[in-house]
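The values are calculated or read from the model by the stated rules, or taken from the named source; none is laboratory data. Since we're looking at a predicted model, the values are computed, not measured. In this analysis, Cβ positions are derived from the backbone assuming ideal geometry, glycine residues included, and neighbour counts consider all displayed protein chains.
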Amino acid sequence: MLLHETPLNHVAFERIVPLLDRRFRVVAFDSPGYGESDGPERPTSAEEYAKTFAEGIEALGLDRIVLYGVHTGATFAVQLAAATIPERVAGLVLSGVPFYTDEVRAARRVREIPAIAEDGSHLTDTFEWEPAAYDPLMRSRLVAGVSLDPVTGYQAFHAVYGYEPGKVLDQIPCPVLMLSHPLDPLYEFDNRFVAAVPGARQVIVESDRLPVYWVAPEAVADEISALARSSTPAA
């Protein structure tokens with residue numbers, strides 16, 4: 001099960017899905033409010049997002065899943081694995097987990113959504129705001145996500161900035177793998193997360209650009225597949 005970063009949608013995983021579905025059933029959800037998924041009426045919590053995902057998982061009859069969450073999706077994946085449906089999660093893979101310190105979370109939580117400029121310059125600002133290491137096509141898709149819905153395009157961030165993963169880390173019952181990159185803006189928080197979760201393993205994905213699942217899909221798929229094979233019973 002793949003959970004994307006904000007403000008992308010499930011299409012972000014188009015390069016990695018064909019590599020995973022050779023052996024596994026792959027489900028790439030749109031986070032509520034993104035892609036083709038209806039969103040909440042107002043900013044809500046990571047717990048509520050996870051509850052919605054759990055309803056989708058139940059509807060699809062997914063009993064044993066390996067989660068791969070990126071950035072915002074990593075927050076939702078942590079909540080699913082630790083508290084919402086831990087009995088169904090066989091493995092947890094993360095890239096760029098927002099394991100912020102209290103100071104960083106508080107500062108980001110009060111940030112206002114950028115104002116919409118009449119000349120569209122807010123979209124240029126959004127493009128420049130994204131990490132320079134991101135592949136140009138992916139940076140463009142991030143801007144497109146905001147352009148599609150400038151009011152709610154940032155909405156999932158509110159849930160991330162209000163979430164305290166440190167309160168549930170000791171509840172994660174499954175193997176944890178971090179797929180990190182030094183150029184990822186959340187790299188230091190990946191390191192912090194790994195240090196806080198006993199037994200968590202970290203792999204540095206070698207690539208010139210980001211995000212890793214986009215520019216190095218084979219390497220990422222291999223790591224997810226290896227964890228899935230070791231964490232789930234043979235068919």
- [ ] Check Glu47 against each of (1) of a type outside the set (Lys, Arg); (2) surrounded by fewer than 13 Cβ atoms within 10 Å (Cβ to Cβ); (3) in contact (Cβ under 8 Å) with a residue 12 or more places away in the chain and name the one condition it does not meet.
- [x] (2)
TODO: Only residues that are at pLDDT below 90, touching a helix residue (DSSP H, G or I) at 6+ places or on another chain (Cβ under 7 Å) and not aliphatic (A, V, I, L, M): list them for segment 134-151, please.
DONE: Arg139, Ser147
Task: Of all residues in segment 195-225 being of a type in the set (A, V, I, L, M) and part of a helix (DSSP H, G or I), the one that is nearest to the chain's Cα centre (by Cα) - done: Val212
- [ ] Kindly establish whether Ala59 is free of Cβ contacts under 8 Å to residues at least 40 places away in the same chain, surrounded by fewer than 19 Cβ atoms within 10 Å (Cβ to Cβ), among the aliphatic types (A, V, I, L, M) and outside any loop (DSSP other than H, G, I, E, B).
- [x] yes
Task: Given (1) over 20 Å from His158 (Cα atoms); (2) modelled with pLDDT under 95, index of the condition Leu67 fails - done: (2)
Open item on the list: Of everything in segment 5-30, what is touching an Asp or Glu at 6+ places or on another chain (Cβ under 9 Å) and under 18 Å from Ile85 (Cβ atoms)? Give them in sequence order.
Closed with: Ala28
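Per-residue answers, yes or no, for (1) in a strand (DSSP E or B); (2) surrounded by fewer than 24 Cβ atoms within 10 Å (Cβ to Cβ); (3) in contact with a Ser or Thr (Cβ under 9 Å, 6 or more places away or on another chain):
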residue: Tyr68; (1), (2), (3): yes, no, yes
residue: Ala82; (1), (2), (3): no, yes, no
residue: Gly91; (1), (2), (3): yes, yes, yes
residue: Leu94; (1), (2), (3): yes, no, yes
residue: Arg108; (1), (2), (3): no, yes, no
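The rows are residues; the columns are (1) within 18 Å of the chain's Cα centre (by Cα); (2) among the β-branched types (Val, Ile, Thr); (3) more than 25 Å from Tyr213 (Cβ to Cβ).
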{"residue": "Gln79", "(1), (2), (3)": "yes, no, no"}
{"residue": "Ala82", "(1), (2), (3)": "yes, no, no"}
{"residue": "Pro86", "(1), (2), (3)": "yes, no, no"}
{"residue": "Tyr100", "(1), (2), (3)": "yes, no, no"}
{"residue": "Asp119", "(1), (2), (3)": "no, no, yes"}
{"residue": "Tyr134", "(1), (2), (3)": "yes, no, no"}
{"residue": "Leu137", "(1), (2), (3)": "no, no, no"}
{"residue": "Gln155", "(1), (2), (3)": "yes, no, no"}
